[in-house]
Structure formats: C-alpha cells, structure tokens
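What follows is one structure encoded as structure tokens, with my remarks underneath.
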Amino acid sequence: MNYKMKYEAECKRILQTYPEQMKKVFSYPDCELESDFLGFVDEYAEEQIPEDFTVIDFGCNQAVQSCYFEHCKKYIGVDCAVPIEYRFPTQNAEYYNTTIQNFIKKIMPTMQLDLNKVYAICSYVPDEEAQKLVADTFPYAKIVYCHEKIMNRKPPVLNFYNCLYLLGELADHNLIKYDPNDHDRVLVYREATKDNPAGWYSENIHTIAQELVNDGNNQIFLLEVYEDQLGHPYTQRSYKADLYDKEDYERD
C-alpha cells in the first residue's frame with residue numbers, strides 16, 4: 001500500500017470510528033479539513049507514548065490527532081487559530097486558545113507537570129522562536145516542519161526488564177552480536193571519546209539494558225528492527241508473570 005492509499009485509509013478509519021466528533025470538527029465555518037484530508041495525522045499515527053505520559057500538542061489546529069493519545073494520562077492541545085469549541089473532543093483532552101510562548105512561560109508553570117512525563121509535539125508551526133522554546137523546555141519532544149524533523153527525542157517505552165529481554169531476543173536471533181567468549185556481554189559500537197577510539201566494544205548486557213532504559217530513540221529503533229526482521233511486534237514482558245511461569249514449570 002503506497003503512502004496516499006495508507007493516508008486515505010486512515011482518514012476513512014477515523015471518520016468511521018469517530019462520527020460525532022468529526023461532525024463537530026467539520027461544523028467549523030473556516031474548516032480546512034475534508035474527508036480525505038484530516039491534517040497531518042500521519043505525523044502522529046505511529047507514536048508510541050506510555051500511558052502515564054501527558055502529550056502537549058503545540059499548533060494542534062482542530063486536533064483530530066488527539067484520537068491517537070486517548071490512552072495517555074492527558075492530551076493538551078495549544079493553538080490560537082481555531083476556537084476550542086471546534087476542536088476534536090476526547091475524554092482526556094484539555095484545550096488552550098493561546099500562543100505557544102504564553103502557554104509555556106505563563107500557563108504551564110501553574111500546572112505542576114513532571115516534564116519527564118511529558119511528550120511535546122510541535123508540528124508544522126513556522127515560528128522558529130516557538131520551535132526553539134519547545135526544544136529547550138522539554139526533555140522529550142518532536143518538532144516537524146515541512147516534513148523535516150528538526151528534533152525527535154522519543155520518550156522511553158520499555159522498563160529495565162523489557163530492555164534486557166529485548167536485547168537478549170535480538171542477540172538470540174543474531175540481530176545484535178553476543179561476545180563469542182561471554183554470552184553475558186554484547187558487542188556495542190561506540191563513537192570516539194578523548195580516552196577511547198571509535199569501534200566495537202564488548203559490554204555487559206545488563207549495563208547496556210540500563211543505558212537503554214532512558215534512551216527512547218534507540219528503544220524505538222530496536223523495536224522496529226525486531227518487528228521488521230522477526231515479522232511481528234515485540235510483546236512487553238512482565239517480570240512477575242515470567243517468574244510465576246518459571247516457578248510453575250519447575251514444580252511440574
């Protein structure tokens with residue numbers, strides 16, 4: 001399926017899944033959306049955001065894309081062009097009719113947000129000052145303009161146990177390499193530092209898993225490699241469930 005067909009299929013899915021919400025969106029007198037164009041929803045559709053995160057969408061327009069974040073703690077849409085009553089309604093949505101600068105400098109400080117649990121999106125906003133403010137404020141943010149990703153810092157989606165399990169699965173399928181002399185270690189490419197040259201290093205797999213815990217971009221990269229090469233997405237594991245399964249197996 002090419003990009004156009006995939007985009008149109010996603011628009012159709014949204015229209016069929018959210019008919020009442022879309023009536024409200026299309027009732028806006030100056031609505032620029034149509035049945036085969038629901039904004040840049042393709043920039044949001046594949047985002048993997050943990051449930052305990054708040055998504056702040058700067059330049060949300062009519063916020064049809066908020067449907068992708070219904071599972072999150074909260075979706076906050078910030079825009080000063082479209083009246084709030086014509087934005088896509090969801091249970092966890094909270095909308096502001098203001099500029100990006102005013103929201104970040106004056107409104108956000110009153111909200112007691114944990115910025116380590118916030119993912120900011122600034123999509124197709126031409127204001128470079130606003131782009132920079134978003135980039136400088138949020139640890140996890142995506143800034144896109146004219147299909148160029150100016151910044152793309154993903155939030156982590158895997159805990160330590162799943163990082164360790166994923167690395168083991170990748171190594172077992174030769175998608176990353178074990179140290180041939182020690183299967184508790186994997187080979188990792190490191191850029192040059194003042195003390196060490198660039199190259200492949202053997203490092204303890206637990207150390208790499210701990211490093212991966214806070215690296216959302218590489219988590220997403222490895223999850224994509226896993227799905228592409230093994231033909232199915234990685235399923236997150238529960239340490240407690242695996243422990244119970246192991247105890248049941250040993251009893252049997």
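The values are calculated or read from the model by the stated rules, or taken from the named source; none is laboratory data. Just so you know, these numbers come straight off a predicted model, no measurement behind them. Don't worry about glycine lacking a Cβ; one is built from the backbone with ideal geometry, like all the others, and counts go over all protein chains shown.
Only a single criterion out of (1) under 25 Å from Tyr75 (Cβ atoms); (2) surrounded by 18 or more Cβ atoms within 10 Å (Cβ to Cβ) is not satisfied by Cys163, namely (1). For segment 174-205, the tally of residues that are assigned to a loop (DSSP other than H, G, I, E, B) and either over 26 Å from the mean Cα position of the chain (by Cα) or farther than 21 Å from Arg237 by Cα (or both) stands at 12.
From the list Phe88, Phe103, the one residue that fits, being surrounded by 20 or more Cβ atoms within 10 Å (Cβ to Cβ), modelled with pLDDT of 95 or more and either among the polar types (S, T, N, Q) or out of contact with any helix residue (DSSP H, G or I) (no Cβ under 8 Å at 6 or more places or on another chain) (or both), is Phe103. Restricting Lys6, Lys74 to residues that are of a type in the set (Lys, Arg) and under 30 Å from Ile104 (Cβ atoms) narrows the list to Lys74.
Residues in segment 27-34: is at least one polar (S, T, N, Q) and at pLDDT 90 or above? Within segment 27-34 (the criterion being polar (S, T, N, Q) and at pLDDT 90 or above), the answer is yes, since at least one residue qualifies. When Asn204, Asn214 are checked against the criterion of being surrounded by 12 or more Cβ atoms within 10 Å (Cβ to Cβ), at pLDDT below 95 and polar (S, T, N, Q), a single residue qualifies: Asn214. Sub-7 Å Cβ pairs linking a first residue in segment 97-113 that is farther than 19 Å from Ser123 by Cβ to a second residue that is of a type outside the set (Phe, Trp, Tyr) and modelled with pLDDT of 95 or more, at least 6 apart or interchain, are Ile107/Thr98; Leu113/Thr54, ordered by first then second residue. Scanning segment 12-44 for residues that are among the polar types (S, T, N, Q) and farther than 17 Å from Ala81 by Cβ yields Gln16, Thr17, Gln21, Ser35.
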